[in-house]
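Asks: Got a structure here, written out as C-alpha cells. Questions coming.
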Amino acid sequence: MKPFKNFLQIKKIIALLTTIVFCILSLKGSLSATEFLSVFTLIIGFYFGTSSTRQAIHEERERNI
C-alpha cells in the first residue's frame with residue numbers, strides 16, 4: 001500500500017499528466033521536437049531534482065539520529 005500511496009503524491013501526478021499532455025501535443029504536431037524536449041527536460045529535471053534533494057535531507061537526518 002505504501003508504494004501506491006507514494007505514487008499518488010500530487011507532484012508526481014502533475015509531472016505524469018504534464019508529460020502525457022506534451023507527448024500527445026507533440027504527436028499531433030502542435031509542438032516541435034525542440035519545444036517538447038525543452039518542456040520535458042524542465043519537468044523531469046525539476047521532479048528528480050526535488051526528489052533527490054528530499055532523499056538527501058532524509059538520509060542526513062537519519063545519520064544525525
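Asks: Looking at region 21-65, which of the residues that are open to solvent by 60 Å² or more (accessible area, probe 1.4 Å) and among the aromatic types (Phe, Trp, Tyr) is farthest from residue 9 (Cα to Cα)?
Replies: 40
Asks: Let me ask something else about it. Name the helices (runs of 4 or more DSSP H) wholly within the chain that hold at least 2 residues that are modelled with pLDDT of 80 or more, over 13 Å from the mean Cα position of the chain (by Cα) and of a type in the set (Ser, Thr, Tyr)? Step through it out loud before you land on a result.
Replies: Details: elements: 2-7, 10-28, 33-64.
In the chain, 33-64 are the helices (runs of 4 or more DSSP H) which contain 2 or more residues that are modelled with pLDDT of 80 or more, over 13 Å from the mean Cα position of the chain (by Cα) and of a type in the set (Ser, Thr, Tyr).
The values are calculated or read from the model by the stated rules, or taken from the named source; none is laboratory data. As the structure is a computational prediction, the values presented were derived from the model and not from experiment. For accessibility, only protein heavy atoms count, side chains too; no ligands or nucleic acids. Shrake-Rupley method; radii C 1.70, N 1.55, O 1.52, S 1.80 Å.
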